[in-house]
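Contents: one structure, followed by commentary.
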Ligand code: GLU
């Protein structure tokens, strides 16, 4: 269903969100597992809304690039579904995990088949699928190329410092990949697969670029900027369904309750949220909640969805 949103009303709401968030003292805790993320200024806040008519509306630090981290899992999932179709669901489940993003316990019970493509184990499995028959460099290039085409912006890059730091500290991800390999569910060498995963997490994008890149999910699978079909409408619906149920790790239920939009978060403080039929929304504030989701980003989306009447329910 398309919601009407007059540009002046939307811009007023976005400006209001920015001034409310600027006044906030409790801003959450910036991810500190790697220096490039630990050094990000927690005072920053940006928001961008890309409407299905191709217009983009922004406020705050909407053009500042940040590390998209796990938001990249939406794009790698879309690519993998494009390559292997529904066969992907033999390799990874589609149930919410109720566990932390980097949990290893569930993998033992489920014999190396990750619960869903948005927990780390699942995204590593998706990277394995994308790597089939390629060198890591080629797969990384393919993901970046795809995201640039979606956003219609060739200036999007991978931050090499973040990629290197992810590799230097990603022992738990190494454990997850090795664990899946031990069950025989991962095809390629863990080191190669992780090379892809760490680089996709290190993509740097602004809210404007991210909202543009997510536009196809709001527009029945068609890129609103080019008019070209990215995925079939049914696939866009299903990706949105997984975002709604699994997009915020063990905070997914609470996010659906408060905001009511399919969305995906990353520990860089970014969230991509979709209002099917109307808008792709990107918000960024680096401070995180206990579950590793942007604290102010969630509050801002809750405020915006209420004010604009934007919820899928
Ligand atoms: N690079 C992070 C990790 O693998 C991504 C986690 C996230 O954004 O939630 O630990």
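Remark: spin-label model distance residue 4-residue 311 equals 2.2 nm, labels positioned 7 Å along the Cα→Cβ axis. Using equal-weight Cα scatterers in the Debye expression, the normalised intensity of the chain in log10 at q = 0.14 Å⁻¹ is -0.99. When the helices of the chain are scored as -39500 (n - 2.57) per DSSP H run of n ≥ 4 and the total is divided over every residue, the value at 222 nm lands at -14000 deg cm²/dmol.
Entry for the range 36-135 at q = 0.12, 0.14, 0.18, 0.20 Å⁻¹: log10 I(q)/I(0) = -0.57, -0.73, -0.95, -1.01, Debye formula applied to identical alpha-carbon scatterers, no solvent contribution.
Springs join every pair of Cα atoms under 10 Å in this Gaussian network model of the chain, and among 87, 46, 214 the largest mean-square fluctuation is at 87. Extent of the range 78-192 along its three principal axes (Cα atoms, max minus min coordinate, largest first): 42, 34, 28 Å. Build a GNM of the chain with springs between Cα atoms under 10 Å: which of 200, 43, 212 gets the top mean-square fluctuation? Taking springs between Cα atoms under 10 Å, the residue moving most is 43. Projected onto its three principal axes, the C-alpha set of the range 5-54 covers 41, 25, 11 Å, listed from the longest axis down.
The angle separating the long axis of helix 160-169 from the principal Cα axis of greatest extent in the chain is about 50 degrees.
Counted by neighbouring Cβ atoms within 10 Å, the residues 33, 249, 179 run from fewest to most as 33, 179, 249. Between helix 120-131 and the chain, what is the angle of the helix's C-alpha long axis to the longest principal axis, kept within 0 to 90° and rounded to the nearest 10? Here the helix axis deviates by roughly 70 degrees. Relative to the longest principal axis of the chain, what angle (0 to 90°, nearest 10) does the C-alpha long axis of helix 136-151 take? Taking the Cα atoms of the chain, the angle to 136-151 is about 20 degrees.
Classify the range 1-90 as rounded, prolate or oblate, taking a ≥ b ≥ c as the square roots of the eigenvalues of its Cα gyration tensor: rounded when a/c is under 1.5, otherwise prolate if a/b is larger than b/c and oblate if not.
It is oblate, given that a/c is not under 1.5 and a/b is not larger than b/c.
Residues considered: 258, 137, 208. Largest GNM mean-square fluctuation over the chain, using C-alpha springs under 10 Å, is found at 137.
Bear in mind these aren't lab numbers, they're just calculated from the coordinates by the rules spelled out. Here the structure is a predicted model, which means the values were calculated and not measured. Positions of Cβ are backbone-derived with ideal geometry, glycine not excepted, and every protein chain shown enters the neighbour counts.
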